[in-house]
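Engineer: Have a look at this one.
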Amino acid sequence: MKSAQTEGQPLPTLLKKKQSWDMKRNWPLHVLVMPAILLAIVFNYIPLGGIIMAFQEYKPWFGFTGSEWVGFEHFQRIFAFSEGRQVIWNTLVISSFKIVFQLVIPIMFALLLNEVRVMALKRSIQTLVYLPHFLSWVILGGILLDLLSVDGGLVNQVLASIGINPIFFLGDGDWFRVTVIASDVWKDFGFSAIVFLAALAGINPSLYEAAVVDGANRFQQVLYITLPALLPITIVVATLALGNILNAGFDQIFNLYNPLVYDKGDIIDTYVYRQGLIGGNFSYATAVGLFKSVIAFILIVIGYRLAYKYANYRIF
């Protein structure tokens, strides 16, 4: 009877009726989602209007309508001053090393953990290496400040006991970069390895059985079976990481850096924070932030294109 009533009606009319019926039937779910949508609008979309400051000499007492328009002057300043160029370089260096090591170390850890056959030991190791990921950089920053202190820090005490002079890890620019990269890898490599452990679990065991029959040892099995099986997910992770090339980790840097390491440790996010919120240079800080966002958007698009081309990965 129902099919007879709908027979002969145009497709757009049927789709509208179906959408209307779905809305009436699922309205509690739409209401449930509304608070999240409102929060996203208030905190993610309405503030986008502030981008206009990047093209003005913004003065809070004049507002958006009364401030002088300067066009791309602030964007030119980013590259005109050595400070702006140094900040971009610092960001690229720190984030590039983070991306590389956050790819290599988790793969190595996943391969080694996959060889552990005692499940109790395997789970214990997983729990220990996952734990730092769930601690904030406020907590870890305080711990690192104590451990790496020149005056009484545990690390420098150990170095002194073997005849090595104390190292100013958080006061020397070169050592600061090393400390930032190493501590970031230590914090997240266990959690980053989850995706590779999942890929290892999906490898067909019969491949290893056939390799054993052919006389392959464990190293040869890893080389010719495990690593090729990990290649697609490795390509996906590596290409998607391109979008974070300008995100060197504000939380971490902000909790660890100081004026002594600005020349080697200052990144775009901390520079924007100091210029905008501390220095009151709102327009210039907005221009730097907008520059970073545009480049990051372009890199994300490129990353998704590469992931789809080489690993057949896509979200939509």
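Engineer: Choose one answer from Asp214, Asp172, Asp269: the residue with the largest mean-square fluctuation in a GNM of the chain with alpha-carbon springs under 10 Å.
Structural biologist: Judging by the Gaussian network model, the answer is Asp214.
Engineer: While we're on this one: When the Cα atoms of the range 235-316 are enclosed in a convex hull and the volume is divided per residue, what value in Å³ results?
Structural biologist: Measuring per residue, one finds 108 Å³ for the Cα hull of the range 235-316.
Engineer: On a 30 Å Cα-Cα criterion, which of the cross-link pairs Lys59/Lys292; Lys59/Lys187; Lys24/Lys309; Lys264/Lys292 come out too long? Let's see the in-between values first.
Structural biologist: Details: Lys59/Lys292 23 Å; Lys59/Lys187 41 Å; Lys24/Lys309 41 Å; Lys264/Lys292 19 Å.
The answer is Lys59/Lys187; Lys24/Lys309.
Engineer: On to the next question. List the equivalent ellipsoid semi-axes of the chain in whole Å, largest first, each obtained as the square root of 5λ for an eigenvalue λ of the Cα gyration tensor. Walk me through the intermediate numbers first.
Structural biologist: Values: eigenvalues 324, 300, 71 Å².
Here the semi-axes work out to 40, 39, 19 Å.
Engineer: If you don't mind, there's one more thing I want to ask. Normalised by the empirical 2.2 N^0.38 Å for globular proteins, what value does the Cα Rg of the range 104-186 take? Could the numbers behind the result be given before it?
Structural biologist: On the way: Rg = 15.9 Å, N = 83, 2.2 N^0.38 = 11.8 Å.
With N residues counted in the range 104-186, Rg over 2.2 N^0.38 Å equals 1.35.
Engineer: Could you work out the local net charge near Gln252, counting Lys and Arg as +1, Asp and Glu as -1, over the other residues with Cβ closer than 11 Å to its Cβ?
Structural biologist: Result for the local shell: -2.
Engineer: Right, something else. The range 135-176: percent of C-alpha pairs farther apart than 14 Å? Don't skip to the answer; put the middle values down first.
Structural biologist: Details: 420 of 861 pairs.
Roughly 49 percent, once rounded to a whole number.
Engineer: Below 15 angstrom from the Cβ of Gly280, what's the summed charge of the other residues (Lys, Arg +1; Asp, Glu -1)? The partial results should precede the final answer.
Structural biologist: Working: positive: Lys59, Arg274; negative: Glu57.
Net charge in that neighbourhood comes out at +1.
Engineer: Quick check on the range 167-221: what are the equivalent-ellipsoid semi-axes from the Cα gyration tensor, as sqrt(5λ), descending, whole Å? Before the final figure, lay out each step's value.
Structural biologist: Details: eigenvalues 337, 42, 6 Å².
Value: 41, 14, 5 Å, ordered largest first.
Engineer: Can you pull the one-decimal nm distance between simple spin-label points at Phe254 and His30, each 7 Å off the Cα toward Cβ?
Structural biologist: 3.8
Engineer: Also, quick follow-up: Test of understanding: given the chain, find the longest segment containing no GluC sites (Glu not before Pro) that are in a DSSP loop and have at most 12 other Cβ atoms within 10 Å. Could you put the intermediate results ahead of the total?
Structural biologist: Values: sites that count: Glu7, Glu115.
Counting only loop sites that pass the neighbour cut-off, the longest clear stretch is 116-316.
Engineer: How much of the accessible area of the chain, probe 1.4 Å, is carbon plus sulfur, in whole percent? Before the final figure, lay out the partial values.
Structural biologist: Details: 13660 of 19680 Å².
So the carbon and sulfur contribution to the accessible surface is 69 percent.
Engineer: Phe191 versus Val42, label points 7 Å from Cα toward the beta carbon: distance in nm?
Structural biologist: Taking the simple label geometry, Phe191 and Val42 are separated by 2.6 nm.
Engineer: Still on this structure, I have one more. DSSP loop trypsin sites (Lys or Arg not before Pro) in the range 116-190 with at most 10 other Cβ atoms within 10 Å of their Cβ, which ones?
Structural biologist: Numbers: sites: Arg117, Lys122, Arg123, Arg177, Lys187; in loops: Arg117.
Qualifying residues, ordered by number: Arg117.
Engineer: Would you look at the GNM of the chain, springs on alpha carbons closer than 10 Å, and say which of Phe219, Phe64, Phe250 moves the most?
Structural biologist: Phe219
Engineer: Considering the Cα trace of the range 170-259, what is its radius of gyration and what is Dmax, both in angstroms?
Structural biologist: Cα radius of gyration and Dmax of the range 170-259 are 18.9, 62 Å respectively.
The values are calculated or read from the model by the stated rules, or taken from the named source; none is laboratory data. These numbers come from a predicted model, not from an experiment. Every residue, glycine as well, gets a Cβ built from its backbone with ideal geometry; the counts of neighbours run over all protein chains shown. Accessible surface areas use protein heavy atoms only, side chains included; no ligands, DNA or RNA. Shrake-Rupley method; radii C 1.70, N 1.55, O 1.52, S 1.80 Å.
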